[in-house]
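Undergrad: Submitted below is the structure of interest, expressed as structure tokens.
What follows is calculated from the coordinates using simple rules that are stated; it is not laboratory data. Bear in mind the structure is a predicted one, so any value in this text is a computation, not a measurement. Counting neighbours? That spans all protein chains shown, and the Cβs are built from the backbone with ideal geometry, glycine included.
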Amino acid sequence: MLWHGGDDPAPGLARAAVAEPHSRSMDFTLDRKPSAAEFRDLLVRSTLSERRPIDDIQCLQGMLDHATLIATCWIEDRLIGIARSVTDYHYCCYLSDLAVDSEFQRQGIGARLIALTQTRLQTHCKIILLSAPAASGYYPHIGFVSHPSAWILPASQAVKTPSAK
Ligand SMILES: CC(C)(COP(=O)(O)OP(=O)(O)OC[C@H]1O[C@@H](n2cnc3c(N)ncnc32)[C@H](O)[C@@H]1OP(=O)(O)O)[C@@H](O)C(=O)NCCC(=O)NCCS
């Protein structure tokens, strides 16, 4: 799906027109999985690397291999944006990683990647995510509502079962 700044990749879902982002066309797609090296490189260029396991290439590969929806934006062979989600398509979609190359931020790419993701979700499927501190103003701006009761079980924490108490 090519986007030259004016075309809308997800009619009715993408936000209003944004400024011309780049003279070369951007390709938004759900059908092109980046390599672990490309993913890592984008995490670094977006600064999301501060919060992702970029030194564990096996983990990055697993994140790509087992994601159910990967929306990406490319300029030719350069990955400039990604929305990586795990979903059942019907009830919930966990948007784990949203990252846009710093050089291309605030040009509508992040919102368009989410809109493209939504095109594959059924009517009642909600998108859920945990925001990085720097992006906490972003999500309400594009329509997300905060949830007062989100909970995480850290990987190092075994769940406390009744017998373990
Ligand atoms: C957060 C991020 C994904 C946003 O993507 P983006 O392509 O830069 O954002 P968009 O261009 O889609 O922004 C859409 C709107 O939100 C606004 N916006 C963008 N970043 C914002 C922020 N951090 N806080 C508040 N508003 C923001 C834009 O100005 C734009 O507003 P407008 O429609 O009124 O013009 C991107 O900045 C990024 O990769 N940041 C670093 C990694 C990160 O924090 N990822 C989120 C992990 S939860």
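Undergrad: Give, in whole angstrom and from largest to smallest, the semi-axes √(5λ) of the equivalent ellipsoid of region 25-103, with λ running over the eigenvalues of the Cα gyration tensor.
TA: Equivalent ellipsoid semi-axes, largest first: 18, 16, 11 Å.
Undergrad: Let me ask you something else. By counting other Cβ atoms within 10 Å of each Cβ, how are F39, F144 ranked from fewest to most?
TA: F144, F39
Undergrad: How do 84-90, 109-115 rank on mean C-beta neighbours within 10 Å, highest first?
TA: Order by mean packing, descending: 109-115, 84-90.
Undergrad: Same structure again: Exposure proxy check: I128, I152 ranked by fewest other beta carbons within 10 Å?
TA: By the 10 Å Cβ count, ascending, the order reads I152, I128.
Undergrad: Using the count of nearby Cβ atoms within 10 Å as a rough guide to exposure, how do S146, S163 rank from fewest to most?
TA: Lowest to highest Cβ neighbour count: S163, S146.
Undergrad: From the phi of every residue in region 128-138, what ³J(HN,Hα) in whole Hz does the Karplus formula 6.51 cos²θ - 1.76 cosθ + 1.60 yield, where θ is phi - 60° and glycine or proline is x?
TA: 10, 7, 10, 7, 6, x, 5, 9, 5, x, 6
Undergrad: Equivalent-ellipsoid semi-axes (√(5λ), Cα gyration tensor) for region 2-164, whole Å, largest first?
TA: Equivalent-ellipsoid dimensions as semi-axes: 27, 19, 15 Å.
Undergrad: Oh, and also: Specify which residue in the list A83, I128, F39 is farthest towards the positive end of the charge dipole of region 2-164, using unit charges on the beta carbon of Lys, Arg (+1) and Asp, Glu (-1), about the Cα centre.
TA: Selected residue: I128.
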